[in-house]
1. With the condition kept exactly as written, say whether any residue in segment 11-25 is among the polar types (S, T, N, Q), surrounded by 15 or more Cβ atoms within 10 Å (Cβ to Cβ) and assigned to a loop (DSSP other than H, G, I, E, B).
2. What number of residues within segment 183-200 are part of a strand (DSSP E or B) and of a type in the set (A, V, I, L, M, F, W, C)?
3. Checking ALA219 against (1) closer than 30 Å to LEU19 by Cβ; (2) part of a helix (DSSP H, G or I); (3) more than 16 Å from the chain's Cα centre (by Cα), only one condition comes out false. Which one?
4. Starting from segment 227-242, take each residue that is over 11 Å from LEU170 (Cβ atoms) and touching a residue at least 40 places away in the same chain (Cβ under 8 Å) and list its partners that are surrounded by fewer than 24 Cβ atoms within 10 Å (Cβ to Cβ) and basic (Lys, Arg), counting only C-beta distances under 8 angstrom and pairs at least six apart or across chains.
5. Looking at segment 146-167, which of the residues that are in contact with a helix residue (DSSP H, G or I) (Cβ under 7 Å, 6 or more places away or on another chain) and not in a helix (DSSP H, G or I) is surrounded by the most Cβ atoms within 10 Å (Cβ to Cβ)?
6. Cβ-Cβ below 6 Å, separation at least six or inter-chain, first residue in segment 137-158 and in contact (Cβ under 8 Å) with a residue 60 or more places away in the chain, second among the charged types (D, E, K, R) and surrounded by fewer than 16 Cβ atoms within 10 Å (Cβ to Cβ): which pairs?
Amino acid sequence: MTPGTVALVGAGPGDPGLLTLRAAQLLAEADVVLVDRLVHPEVLAHCRPDAELVDVGKTSWTGTAPRQEEINAQLVAHAQAGRRVVRLKGGDPFVFGRGSEEAEALVDKGIRFEVVPGISSALAAPAYAGIPVTARGWTQDVCVVTGHLDPEDPASRVRWQALATGPGTLVVLMGHDRLPLLTRSLIRFGRDAGTPAACIQDGTHPTQRVVVSTLGHLADDVAAAGLRAPVATVIGDVVRLRDALRWFDREQP
C-alpha cells in the first residue's frame with residue numbers, strides 16, 4: 001500500500017476568515033482531520049462530509065486528552081494506511097504548537113508531510129485589539145514567549161531576567177494562570193512597573209475582551225475583570241496606541 005501524506009496545518013487564531021487558502025484546500029481533500037481544542041467550528045465546514053474528524057484537543061486542567069505521543073502515533077498510523085491526513089492546529093503549527101515534534105515523528109517513519117503556516121495569536125490578538133507589536137518611533141523589536149511555566153521553575157527555558165531589560169514589545173502566550181508571578185518577576189528583574197500592558201481574551205473572536213493597565217497592576221486588573229484563558233499578554237509602549245487604533249471591538253454590537 002502506498003503511504004498517505006500528512007499536512008500540519010495552522011487554523012489561525014480563531015476568526016475563521018483568517019484561514020489560509022492552502023489550509024482550506026487541504027481540509028477539502030483530507031480523509032482524516034485531527035483537530036485541536038481551539039479551532040473554530042466553522043473552519044471544519046471546509047472538510048468533506050465523509051471525512052473522519054478526530055478530537056485531540058488538550059487542556060491544562062484535564063487528563064482525558066491524548067498525550068502527544070499518542071497523537072504522533074495516530075498521524076503515523078493513518079498515513080501508513082494510505083490516508084490523506086490533516087493535523088489541524090490553532091494558530092501556527094510551529095509557534096508553541098508542538099508541530100516540530102509531530103514532524104520529527106513523521107520523518108522517523110519516512111512519511112511525507114508539509115507544513116501550512118497559520119496566523120499566530122501572538123500577532124493577531126494584539127492586531128485585533130489595536131496594538132501593533134512593532135511601530136516606527138515606538139519599538140523595532142518584539143519577542144514572543146510562553147508563560148505556561150513559572151519563572152522560577154527549573155524546567156522553564158525562558159530567560160525572564162534577560163527579557164525584563166530586552167525587547168521593546170513582549171508578547172506572552174499561555175500565561176494567564178501565572179500572570180501575577182510573571183509580572184512580578186519582570187519587575188524584579190528590571191522592567192518598569194509603569195510599563196503599559198494589556199491582556200486580550202479570545203483574540204479575533206466576537207467575544208474578544210481587552211484589559212489595558214500597567215505591568216504593576218495588570219494581574220489585579222485582569223482578575224477584577226474576570227478574564228479567562230485563552231489570553232495573550234502584550235507588554236510595552238506600543239500598548240499606548242490602542243486608544244487611537246482600536247477597531248475590532250468598536251465594530252462589535
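No lab work stands behind these numbers, since they all come straight from the coordinates. Model, not experiment: these values are computed from the prediction. With ideal geometry, Cβ positions are generated from the backbone for all residues, glycine too; neighbour counts draw on all protein chains shown.
1. Kept after step one, since they are among the polar types (S, T, N, Q), are these residues of segment 11-25: 20, 25.
Of the ones still in play, those that are also surrounded by 15 or more Cβ atoms within 10 Å (Cβ to Cβ) are 20.
This time we only want the ones that are assigned to a loop (DSSP other than H, G, I, E, B), so: 20.
Yes, that holds for at least one residue.
2. Keep residues of segment 183-200 that are part of a strand (DSSP E or B), which gives 196-200.
Restricting the remaining residues to those that are of a type in the set (A, V, I, L, M, F, W, C) gives 197-200.
Of the residues in that region, 4 qualify.
3. The number of the failed condition is (1).
4. Cβ pairs passing all conditions: LEU227/ARG209.
5. Checking each candidate, the answer is GLY147.
6. That search, which allows pairs on different chains as well, returns TRP138/ASP237.
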